[in-house]
Amino acid sequence: MARPNFMESGDGFMNETTAPVHINTPTEKKLWLWTGFLGVLLLAAVVIFGPYVLFIALTSYVVALIIEWAFAKSRGMKIDRAWMITPMIITLMLPPIIPLWIAGVATGFGVFFGKAIFGGHGRTVFNPALVGVLFVLISFPSQLNTQWFEPKDHGPLMPSTENIGHPDFDVENDAVSSPALLRIPGNYTTGDFLLGRTAGAVGETFMIGIITLGIGLMLLKVFDWRVPLALLGTMVVLTLIMNLVGTGYPSPVTSLLVGSATFAAFFVAPDPVTSPIKSWGKVVYGIGAGILIFLIRYEAAAVDGVVFGLIIMNAITPLIDSWFNASSAETKTSDETKEAT
Amino acid sequence: MSWTVFFVAIFSSMLINNVVLMKFLGVCPFLGVSKKTGSALGMSAAVMFVMVIAAFVSYLLYYLVLVPLEIEFVQTISFILIIASLVQLVEMIIKKISKKLYKSLGVYIALITTNCAILGIAVENITRDFAGQYGLFPGLAVAVTTAFGAALGFGLVMFAFSTIRERLEGANVPEAWKGVPVSLITAGIMALAFAGLGGIVG
């Protein structure tokens, strides 16, 4: 770690200037494009996993809108203009047979603690959707890690006839758990992966869609290409090395096809609010996220590293920004004060 | 004993068993001095200095004085004495070197005396029985390395947290959540994410 000499850096810390916010928000049009492209993935998930995923999305949106409305009302502000993106990402990152109340808890926690109390979109430190998913991942590990299902064997699930808000699915006998899927992916062909006929979260299996839509978003300049490239590139390089020196790792391509790494790399990690501003900062952020996802997924006790890795990288994003002098406004303020005194 | 032991000791005490986020020790300076990056780094440097020396001295004191005399039960109070006198030393050194740093750290230098992270690491070095595992003096090296890694982890988290707080200062945080509440929520989310690193080594 580059550790600046604390005696030299002692110059700036006495002044009481308010550090400015880094507001780095996408325009409303970009937000709608982002949500719309994710909506396509949701529709694909309806075909793959069945209409139950629509109930998950509905629950998420209802909870999110209630909290956004309550905050807007109590603070006398307009409803946050990025209300549509968080519940969509949360829906796409949960298992397709998740109980609806867990989807509600994830959205509630994410929107309340990840977004609203930080002052809404553009001010968040962590991606609110990731905060929500992280919370349920830690709180309800059995539902989040062991209750996945094979669309190949069971086909799209219909809502159960007795209880419309539940999938017609026998969790006890037919569910598969995800650690096995990530380490030794079953007898899937590449075609299964591309068409999304694999076990996984709602939005993370349909690889053709994820890759084309992700590249589309980059061509439309909604996101920067550096974060996904650095993240996925790091994972490929690391799995390649580990395949040479060790055993028990999937091939580099398979490591991208399983789990939510590719989905998150294209649609969550490059979120301009919670990723660094400068280009090189983005590269460092992507590489760091790739290393953490790899380490946590294959070496740690946790199942998939995407949520943990990205939240840790979100936490050090302001640090990366300050390394690359990206919080230019801040440096300017303290320089001015120094000249004034 | 190979070199990997030291690597594992640094890595695990820095990130996986991070003092602040996983053991919840040293939260007082973590919240108190993290408003400005400069003071956060100063505090981390002071903590690192005290933590490494405290680990060194307390380890020797325990195995060379307390164990032969069979008075291990005074461990806590003797460690606190050592840390308190070390803090006085650091305070004098900082006062001599940088008046500004001294002013800005203010009461927190004295608070290192009661910084549970330092006592925590000193005590944990004993309870993890490095001496039994590696022998008396190699164990000392591991103990000091662990303390160094823990201090690095403390510094890293302090530094990252202070940059987050500088960013939060201008954010439009609701009145009720301004200041410490939103910082605690941030720290909590960071701790949740660090839980994911559990089990990587050791």
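The values are calculated or read from the model by the stated rules, or taken from the named source; none is laboratory data. All values derive from a computational prediction rather than experimental measurement. Note that we place each Cβ from the backbone using ideal geometry, even for glycine, and neighbour counts take in every protein chain shown.
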Subject >> the range B:169-182 - residue that is more than 7 Å from chain A (Cβ to nearest Cβ) and in a helix (DSSP H, G or I) and, of those, modelled with the highest pLDDT >> reply: B:Pro181
Subject >> Residue, surrounded by the fewest Cβ atoms within 10 Å (Cβ to Cβ), within the range B:129-146, restricted to residues that are in contact with a helix residue (DSSP H, G or I) (Cβ under 9 Å, 6 or more places away or on another chain) and of a type in the set (Gly, Ala, Ser) >> reply: B:Gly132
Original post:
Can you tell me which residues in the range A:231-253 are within 21 Å of the chain's Cα centre (by Cα) and more than 13 Å from A:Phe294 (Cα to Cα)?
Top reply: A:Val253
Original post:
Which is at pLDDT 85 or above and farther than 19 Å from A:Thr274 by Cβ, of A:Phe55, A:Phe37, A:Phe109?
Top reply: A:Phe55
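Here is a yes/no grid of residues against (1) surrounded by fewer than 18 Cβ atoms within 10 Å (Cβ to Cβ); (2) part of a helix (DSSP H, G or I):
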position	(1), (2)
A:Leu58	yes, yes
A:Val62	yes, yes
A:Ile66	yes, yes
A:Phe71	no, yes
A:Ile79	yes, no
A:Ile98	no, no
A:Val111	no, yes
**OP:** Name, by its number, the condition in (1) of a type in the set (A, V, I, L, M, F, W, C); (2) under 13 Å from the mean Cα position of the chain (by Cα); (3) closer than 19 Å to B:Val142 by Cα; (4) not in a loop (DSSP other than H, G, I, E, B) that does not hold for B:Val5.
**Re:** (2)
**OP:** Starting from residues that are more than 27 Å from B:Lys103 (Cβ to Cβ) and polar (S, T, N, Q), keep the ones in the range B:75-93 and report whichever is surrounded by the fewest Cβ atoms within 10 Å (Cβ to Cβ).
**Re:** B:Thr76
Original post:
Among the listed residues A:Phe263, A:Phe267, A:Phe308, which satisfies the condition of being facing another protein chain (nearest Cβ under 9 Å), surrounded by 24 or more Cβ atoms within 10 Å (Cβ to Cβ) and among the aromatic types (Phe, Trp, Tyr)?
Top reply: A:Phe308
Original post:
Given B:Ile121, B:Ile185, which one is more than 9 Å from every other protein chain (Cβ to nearest Cβ), buried (at least 18 other Cβ atoms within 10 Å of the Cβ), in a helix (DSSP H, G or I) and among the β-branched types (Val, Ile, Thr)?
Top reply: B:Ile121
Original post:
A:Val131: at negative phi, in contact (Cβ under 8 Å) with a residue 40 or more places away in the chain and in a loop (DSSP other than H, G, I, E, B), yes or no?
Top reply: no
**OP:** Scan the range B:140-168 for residues that are farther than 15 Å from B:Phe24 by Cα, within 10 Å of chain A (Cβ to nearest Cβ) and among the β-branched types (Val, Ile, Thr) and report the count.
**Re:** 2
**OP:** Please specify each residue of the range A:113-125 satisfying the condition of being surrounded by 24 or more Cβ atoms within 10 Å (Cβ to Cβ), within 7 Å of chain B (Cβ to nearest Cβ) and not aliphatic (A, V, I, L, M).
**Re:** A:Phe118, A:Gly120
Subject >> Any chance B:Leu197 is in contact (Cβ under 8 Å) with a residue 24 or more places away in the chain, within 12 Å of chain A (Cβ to nearest Cβ), over 24 Å from B:Asn18 (Cα atoms) and touching a helix residue (DSSP H, G or I) at 6+ places or on another chain (Cβ under 8 Å) >> reply: no
Subject >> Options A:Ala44, A:Ala70: the member that is closer than 23 Å to A:Leu194 by Cα and at pLDDT 90 or above >> reply: A:Ala44
Original post:
With (1) surrounded by 20 or more Cβ atoms within 10 Å (Cβ to Cβ); (2) within 21 Å of the chain's Cα centre (by Cα); (3) outside any helix (DSSP H, G or I); (4) of a type in the set (A, V, I, L, M) as the list, and B:Val201 as the residue in question, which single condition is left unmet?
Top reply: (1)
**OP:** Find the residue count for the range A:294-305, including only residues that are within 7 Å of chain B (Cβ to nearest Cβ) and either of a type in the set (A, V, I, L, M, F, W, C) or outside any helix (DSSP H, G or I) (or both).
**Re:** 6
Original post:
Mind checking which residues of the range A:190-230 are aliphatic (A, V, I, L, M), crowded, with 24+ Cβ neighbours inside 10 Å and assigned to a loop (DSSP other than H, G, I, E, B)?
Top reply: A:Ala199, A:Ala201, A:Val202
